[in-house]
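Engineer: Here it is: the structure, laid out below.
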Amino acid sequence: MKNFSDLGVETSILNAIQEMGFETPTPIQEQSIPVFLETGQDILGLAQTGTGKTAAFGLPIIQLVEPSNRTIQALVICPTRELCMQISKDLGNYSKNKSGINIVAVYGGSSIERQISDIKRGAHIIVATPGRLMDLMNRRALNISTVKYVVLDEADEMLNMGFEEDVEYILAETPKEKRVCLFSATMPKSIRNIANRYMNDPFEITVGKSNSGNVNITHQYAVVHARDKYAALKRFVDFNSDDIYAIIFCTTKHETQDISDKLIKDGYNADCLHGDLSQGQREKVMNRFRHHAIKILLATDVAARGIDVSGISHVIHFSLPDDIENYTHRSGRTGRAGKLGVSFTLLNMRENGRLRDIERLSNVKFDKILIPSAEEVRDKKLVAFIDTIVNTEIEESIFDDKVMTSLRPLLTLPSEELVQKFLSLELRRFSAEYLNAPDLNTTSGDRTRDGERGERGGNVRGQRIFVSVGKKDGFDIRSFKDWVAQESSLDWKELHVDVSGVFSFVDVKEELAEKVITALNGNTYEGRPVRAELSGEKPGGSREGRGGRGGDRGGRSGGGGYSSRRSEGGSSSYGGGDRRRSSGGDRERGGDRERAPRTERSDRSSYGRDAGSDRSSSTSDRSGYGTRDGGRNRSYGGDKPAGDRPSGERRRRRD
Ligand code: AMP
C-alpha cells in the first residue's frame with residue numbers, strides 16, 4: 001500500500017496531514033494526487049463526500065501554488081457555504097507548515113465587504129460558492145484570469161441547485177490554459193456536457209459505487225402510524241441516548257423547526273438548520289453541533305448540504321426524502337472515515353412503497369426494527385445509570401467530617417434500601433414519561449424481506465450466539481467480526497455482532513448458528529479457550545452501528561460491578577453520593593453503546609445481586625446488567641436546552 005510520500009506529497013504537507021491523522025491515502029487520493037502532481041491532465045472524479053476527495057485535490061493544490069506569485073492561482077467552486085468553509089479550513093490545515101499561502105473563502109450570507117478586503121490583501125486560493133463568486137466578479141473585486149487550477153466540487157449538487165449557468169459563466173472567465181478537476185457524486189448528462197466542454201481528455205476516477213454501498217452503514221426502518229412518529233422518534237433517541245450524535249432529516253422547514261422545538265421543550269439537546277435562518281444563526285448552530293454542544297441536529301436536505309461533521313452516529317429520516325439520491329446523500333453523513341453508523345427511517349404505512357423503491361434503486365438493504373417498548377427503554381436507562389454509578393470515582397475531598405455527619409441518616413440505611421431509593425428517584429422521571437406508554441409499532445403485519453417480523457430495537461432475525469471474548473481481549477466490532485467471519489468461513493454480511501467488555505454476541509440466521517458455534521467453541525484466541533453457545537435470547541439487533549465508538553472503561557467484572565463495589569465497606573454510599581457529578585458530565589465521551597441482553601428477571605433487587613466477576617459465566621442476564629462498559633451516559637441526547645433559538649429571519653435560498 002502506498003503512503004502519501006510515495007504519491008509525491010512534499011514534507012511540509014506530510015507533517016501537517018500526519019497531525020490530522022491521515023496515515024494512508026484513501027483510494028481517491030491514491031489515484032488523483034500523482035496525476036495532479038505529475039501530469040498536466042484534468043481529473044474527472046465520480047466520488048462522494050466522505051471519500052477523502054478534499055485532500056485528493058487539496059494537497060496537490062497546496063503543493064503547486066507558489067506563494068511568491070501574488071495572484072489567484074486556484075479556484076475551488078462548491079455548492080454551499082458550509083462546504084465552502086469546510087474546504088477552506090481543510091486547505092488551511094494542509095498548508096499550515098507552508099508559509100505565505102492565503103486562502104480566502106467567499107460565500108453568500110456573509111459580509112461581502114470583508115471578503116473583498118480579504119481578497120485585496122492577496123489571495124492565492126479562492127474557495128467560493130457560485131452566486132457570491134459571480135457577485136464579486138461583477139463588482140470587479142476579483143480577477144480569475146490568472147487561475148491555473150479550477151476545482152468543481154459536488155458538481156451535480158451545483159447543477160441541482162440551479163447554478164449551471166453561473167458555473168459556465170465562471171469557467172468562461174478563466175484562462176484557456178488551466179487544469180480542471182471535477183468531482184461529482186453522480187454523473188448525469190449535464191455533468192458530462194460540462195466535462196466535454198471545459199475539460200481536456202480528463203483522467204477518470206471512480207471511487208466506491210455510492211454511499212449506499214458503504215458497508216459501515218446499517219440501514220434500518222420502523223413502521224409507525226403517522227400520528228405516532230414523534231413519539232417513536234423520542235423512543236428511538238432515548239433507547240440510543242447513551243451515544244447519540246445524530247442528524248434528523250425533515251422534508252420542510254416548518255417540520256424541521258416544529259420537531260426541533262418539540263424536542264427542546266421535551267428536554268433534548270437539539271437544534272435545527274434550515275433556510276429561514278440567518279447566516280449567523282446557521283453558523284452558531286453548526287458550531288455548537290460540531291463541538292457536541294448540540295447532540296441532535298434537525299435539518300432540511302438543502303440546509304444539510306455540505307455539512308461535514310465527523311462521528312455522526314445516526315442519520316434519522318423523520319420523513320423520507322423526495323428523491324432517492326437524497327436518501328444516499330443523507331445516509332452518507334454517517335459511517336464515515338471507517339466508523340460505523342446507522343441510517344434509520346421512520347416510516348408511516350403509506351411510505352412503505354417509497355422505501356422499497358429506494359431499496360431497489362440504490363441497492364441498499366433495509367432491516368426492519370421495532371420501536372423499543374417503554375419498558376425496554378427504561379431497562380436500558382437503568383443499566384446505564386447503574387453503570388455510571390459503578391464507574392464513578394469517589395471524590396474523597398468532598399467527604400469531610402461535616403459532610404459525613406450530614407450523611408449519617410443515609411449511612412444508617414441498609415445498603416439495599418439506599419440503592420432502591422436512589423434508583424426509584426432516578427427512574428421516577430422515566431416512569432412518568434413512559435407510564436402506560438403504548439406499543440408504537442403498527443400491527444399491519446408488515447413483513448421484512450425475509451418474511452419475518454423485525455426484532456424490537458434491533459434488526460436481525462435468527463439466532464444469537466454468546467462468545468466468551470470481547471473488548472478486554474482486544475476486540476472491537478470490526479476485528480471481532482473479521483475473526484468470526486474468518487473462523488467460520490462466513491461473509492461479513494451474514495454476521496451481526498455486539499462486542500462487550502468480556503463477552504460478545506454474534507447474531508446469524510438460524511441455519512448458520514451451528515456453523516459459527518462449531519467454528520468458535522473450543523477454539524482458542526491468543527492462547528485462551530473460547531466458549532461459544534446459543535445465548536437463549538433472540539438476536540438483539542445490529543448494535544454494531546451503535547457500538548464501538550465510545551470508551552470502554554469497564555473492568556472485567558460481570559454482574560459483580562455493583563456488588564463488588566458494595567462489598568468494599570462504606571464506599572457504596574459514597575458512590576451514590578457522587579451521583580450529581582457523574583450524571584451531568586461526560587456525555588460527549590460517549591459510552592459503549594451496549595444494550596443489556598433482555599432478561600426474564602423483573603425483580604428490582606436483582607440488579608445488584610449477581611456478585612462475582614466470573615467471565616466464563618453463561619450468557620444470562622448477569623452479563624448485561626453488571627457490564628461496566630455499558631453506556632455511561634444516562635441523559636437523553638443531553639439535557640441542556642439549546643440557548644439561541646432561531647428567529648424567523650428569511651434569507652436567500654441560494655448560497
Ligand atoms: P472528504 O471526503 O474530503 O469530505 O473527507 C471525509 C473525511 O475523511 C474528512 O473528515 C477527512 O478529514 C477524512 N480524511 C480524508 N482523507 C483521509 C485519510 N487519508 N486518512 C484519514 N482520514 C481522512
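The values are calculated or read from the model by the stated rules, or taken from the named source; none is laboratory data. Keep in mind that this is a model prediction, so the values were computed, not measured. Quick reminder, even Gly has a Cβ in these numbers, built from the backbone with ideal geometry, and neighbours come from all protein chains shown. SASA here: full protein model, heavy atoms, side chains in, ligands and nucleic acids out. Shrake-Rupley method; radii C 1.70, N 1.55, O 1.52, S 1.80 Å.
Engineer: So, in segment 11-29, exactly how many residues are farther than 15 Å from I62 by Cα and open to solvent by less than 70 Å² (accessible area, probe 1.4 Å)?
Structural biologist: Taking segment 11-29 first, the residues farther than 15 Å from I62 by Cα are 18-28.
Narrowing further to those that are open to solvent by less than 70 Å² (accessible area, probe 1.4 Å): 20-22, 25-26, 28.
Here the count works out to 6.
Engineer: For residues in segment 129-159 being touching a Cys at 6+ places or on another chain (Cβ under 8 Å) and open to solvent by 10 Å² or more (accessible area, probe 1.4 Å), which is farthest from E66 (Cα to Cα)?
Structural biologist: E154
Engineer: Would you check if there is a residue in segment 186-200 being modelled with pLDDT of 95 or more, buried (at least 21 other Cβ atoms within 10 Å of the Cβ) and of a type outside the set (D, E, K, R)?
Structural biologist: The first filter runs over segment 186-200 and keeps only residues modelled with pLDDT of 95 or more, leaving none.
Within segment 186-200 (the criterion being modelled with pLDDT of 95 or more, buried (at least 21 other Cβ atoms within 10 Å of the Cβ) and of a type outside the set (D, E, K, R)), the answer is no, since none of the residues qualifies.
Engineer: Within segment 379-397, work out how many residues are part of a helix (DSSP H, G or I) and surrounded by fewer than 12 Cβ atoms within 10 Å (Cβ to Cβ).
Structural biologist: If we filter segment 379-397 for residues that are part of a helix (DSSP H, G or I), which is where we start, we get 379-391, 396-397.
Right, trim to surrounded by fewer than 12 Cβ atoms within 10 Å (Cβ to Cβ) and you get 396-397.
Residues in segment 379-397 being part of a helix (DSSP H, G or I) and surrounded by fewer than 12 Cβ atoms within 10 Å (Cβ to Cβ): 2 in total.
Engineer: Would you confirm, using the coordinates I've provided, whether E376 is of a type outside the set (S, T, Y), surrounded by fewer than 23 Cβ atoms within 10 Å (Cβ to Cβ), touching a Lys or Arg at 6+ places or on another chain (Cβ under 9 Å) and without any contact (Cβ under 8 Å) to a residue 12 or more places away in the chain?
Structural biologist: Details: of a type outside the set (S, T, Y): yes; surrounded by fewer than 23 Cβ atoms within 10 Å (Cβ to Cβ): yes; touching a Lys or Arg at 6+ places or on another chain (Cβ under 9 Å): yes; without any contact (Cβ under 8 Å) to a residue 12 or more places away in the chain: no.
For E376, the condition - of a type outside the set (S, T, Y), surrounded by fewer than 23 Cβ atoms within 10 Å (Cβ to Cβ), touching a Lys or Arg at 6+ places or on another chain (Cβ under 9 Å) and without any contact (Cβ under 8 Å) to a residue 12 or more places away in the chain - is not met.
Engineer: I would also like to ask the following. Among the helices (runs of 4 or more DSSP H) confined wholly to segment 208-322, which include 3 or more residues that are in contact (Cβ under 8 Å) with a residue 60 or more places away in the chain?
Structural biologist: Here the list reads 229-239, 253-265, 279-290.
Engineer: On to the next question. Name every residue in segment 231-244 that is among the aromatic types (F, W, Y) and surrounded by fewer than 24 Cβ atoms within 10 Å (Cβ to Cβ), in order of residue number.
Structural biologist: Going through segment 231-244, the residues among the aromatic types (F, W, Y) turn out to be 236, 239.
F239, the sole residue that qualifies.
Engineer: Using beta carbons and a limit of 7 Å, which pairs, at least six apart or on different chains, have the first residue in segment 174-194 and more than 23 Å from L142 (Cβ to Cβ) and the second one part of a strand (DSSP E or B) and at pLDDT 85 or above?
Structural biologist: Taking only residues 6 or more apart or on different chains, the pairs are S184/L46; M187/L46; I191/S184.
Engineer: Further question: Restricted to segment 305-315, and to residues that are over 19 Å from S88 (Cβ atoms) and out of contact with any helix residue (DSSP H, G or I) (no Cβ under 7 Å at 6 or more places or on another chain), which residue is modelled with the lowest pLDDT?
Structural biologist: From segment 305-315, those over 19 Å from S88 (Cβ atoms) are 311-315; that's our starting set.
Filter once more, keeping what is out of contact with any helix residue (DSSP H, G or I) (no Cβ under 7 Å at 6 or more places or on another chain): 311-314.
On the way: G311: 85, I312: 89, S313: 91, H314: 94.
Per the criteria, the residue is G311.
Engineer: Still on this model: If you scan segment 523-532, which residues turn out to be exposed (fewer than 15 other Cβ atoms within 10 Å of the Cβ) and assigned to a loop (DSSP other than H, G, I, E, B)? Walk me through how you get there before you give the answer.
Structural biologist: Looking only at segment 523-532, we keep the residues that are exposed (fewer than 15 other Cβ atoms within 10 Å of the Cβ), and these are 524, 526-529.
Listed by number, the residues that qualify are E526, G527.
Engineer: Sticking with this structure for a sec: Between N97, N102, which is polar (S, T, N, Q) and over 13 Å from L142 (Cβ atoms)? So that I can check it myself, show each step before the final result.
Structural biologist: Details: N102 fails: over 13 Å from L142 (Cβ atoms).
It is N97.
Engineer: Sticking with this structure for a sec: Of the residues K402, K381, K365, K421, which single one is among the charged types (D, E, K, R), closer than 30 Å to V315 by Cβ and at pLDDT 80 or above? Let's see the steps before the verdict.
Structural biologist: Numbers: K402 fails: closer than 30 Å to V315 by Cβ; K381 fails: at pLDDT 80 or above; K421 fails: closer than 30 Å to V315 by Cβ.
Going through K402, K381, K365, K421 in turn, the sole match is K365.
Engineer: Test L355 against the stated conditions and say whether it is more than 15 Å from the ligand (Cβ to nearest atom), part of a loop (DSSP other than H, G, I, E, B) and open to solvent by less than 10 Å² (accessible area, probe 1.4 Å). It would help to see each step written out before you state the result.
Structural biologist: Values: more than 15 Å from the ligand (Cβ to nearest atom): yes; part of a loop (DSSP other than H, G, I, E, B): no; open to solvent by less than 10 Å² (accessible area, probe 1.4 Å): yes.
Answer is no for this residue.
Engineer: Scan segment 20-42 for residues that are in contact with a helix residue (DSSP H, G or I) (Cβ under 8 Å, 6 or more places away or on another chain) and over 12 Å from V207 (Cβ atoms) and report the count.
Structural biologist: Selection size over segment 20-42: 6.
Engineer: Hey, can you tell me all the residues within segment 503-522 that are open to solvent by less than 10 Å² (accessible area, probe 1.4 Å) and more than 18 Å from R478 (Cβ to Cβ)?
Structural biologist: Here is the first cut: in segment 503-522, the residues open to solvent by less than 10 Å² (accessible area, probe 1.4 Å) are 503-508, 513, 516, 520.
Answer for segment 503-522, where residues must be open to solvent by less than 10 Å² (accessible area, probe 1.4 Å) and more than 18 Å from R478 (Cβ to Cβ): just A513.
Engineer: Which one of these is within 27 Å of the chain's Cα centre (by Cα), on the phi > 0 side of the Ramachandran plot and at pLDDT below 60: G474, G457, G451? Explain how you work it out, then say what you get.
Structural biologist: Working: G474 fails: at pLDDT below 60; G451 fails: within 27 Å of the chain's Cα centre (by Cα).
The unique qualifying residue is G457.
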